[in-house]
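Notes follow the structure.
The values are calculated or read from the model by the stated rules, or taken from the named source; none is laboratory data. Since the structure is predicted, the reported quantities are computational estimates derived from the model, not experimental observations. Backbone-built Cβ (ideal geometry, glycine too); neighbour counts: all protein chains shown.
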Amino acid sequence: MKIYVCHSSAFDYKEELYKPIRNSKLNNEHEFILPHEVSEQTFNSKEIIPHCDLIISEVSYPSTGLGIELGWANKEDKKILFISKTGTPVARSLKILSSDFIEYTDYNDLIEKLTLFINNLNTLYFENEKAELIS
């Protein structure tokens, strides 16, 4: 699965988001696109999002750029998963884009919940593909 991870630049995303993902088993099982892993330069996510299977959006910190990326993902009818730190208020308008929300307490909790979500998503995808082949 090709997964794009979007976020605000208002926190230490390299340590708090990228590092846990790269150090997890998920990193070996899926292709994660972490837009600012190598460079802080503007990343052309508009060209990448259409080719992704899942968009994971860290929404603990509001961001105009993040909102734009979510608009592109929605336009492309991409599956969006919102993640946020427990206790962080998130915009209610996000519920228009997706009903998939995960709250996490720390890195381990984040990876555990992401693994469960992605595994469930893979199972649903496989079942749908199998049903289409049978019909």
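Out of the residues in region 1-56 that are in contact with a strand residue (DSSP E or B) (Cβ under 9 Å, 6 or more places away or on another chain) and of a type in the set (D, E, K, R), which is farthest from GLU76 (Cα to Cα)?
Taking the candidates together, the pick is GLU16.
In this structure, is LEU81 within 18 Å of ILE48 (Cβ to Cβ) and crowded, with 16+ Cβ neighbours inside 10 Å?
For LEU81, the condition - within 18 Å of ILE48 (Cβ to Cβ) and crowded, with 16+ Cβ neighbours inside 10 Å - is met.
Output the number of the condition that GLU16 fails; it satisfies all remaining conditions of (1) in a loop (DSSP other than H, G, I, E, B); (2) touching a residue at least 60 places away in the same chain (Cβ under 8 Å).
(1)
From the residues in region 93-111 that are at pLDDT 95 or above and small (Gly, Ala, Ser), which one is farthest from LYS75 (Cα to Cα)?
Per the stated criteria, the residue is SER99.
Are any residues in region 84-111 under 16 Å from SER24 (Cβ atoms), over 13 Å from the mean Cα position of the chain (by Cα) and surrounded by 14 or more Cβ atoms within 10 Å (Cβ to Cβ), and if so, which ones?
TYR104, TYR107, ASP109
Restricting to region 48-78, what's the tally of residues that are under 19 Å from SER8 (Cα atoms) and not hydroxyl-bearing (Ser, Thr, Tyr)?
Of the residues in that region, 18 qualify.
Can you pull out the residues in region 49-68 that are crowded, with 17+ Cβ neighbours inside 10 Å and β-branched (Val, Ile, Thr)?
ILE49, ILE55, ILE56, VAL59, listed by residue number.
Looking at (1) part of a helix (DSSP H, G or I); (2) among the charged types (D, E, K, R); (3) at pLDDT below 95, which one does GLU40 not meet, given that it meets all the others?
GLU40 satisfies every listed condition except (1).
Looking at ASN28 and the list (1) surrounded by 16 or more Cβ atoms within 10 Å (Cβ to Cβ); (2) more than 13 Å from the chain's Cα centre (by Cα); (3) at pLDDT 95 or above, which single condition is not satisfied?
If we test ASN28 against (1) surrounded by 16 or more Cβ atoms within 10 Å (Cβ to Cβ); (2) more than 13 Å from the chain's Cα centre (by Cα); (3) at pLDDT 95 or above, just (1) comes out false.
Consider region 49-81. How many of its residues are touching a residue at least 24 places away in the same chain (Cβ under 8 Å), touching a Lys or Arg at 6+ places or on another chain (Cβ under 9 Å) and among the hydrophobic types (A, V, I, L, M, F, W, C)?
Residues that pass the stated criteria total 6.
Within region 43-87, restricting attention to residues that are part of a strand (DSSP E or B) and among the hydroxyl-bearing types (Ser, Thr, Tyr), which residue is nearest to ILE3 (Cα to Cα)?
Out of the qualifying residues, it is SER57.
Any idea which of (1) assigned to a strand (DSSP E or B); (2) of a type in the set (A, V, I, L, M, F, W, C); (3) at pLDDT below 95 is the one VAL90 doesn't satisfy?
The single condition VAL90 does not satisfy is (1).
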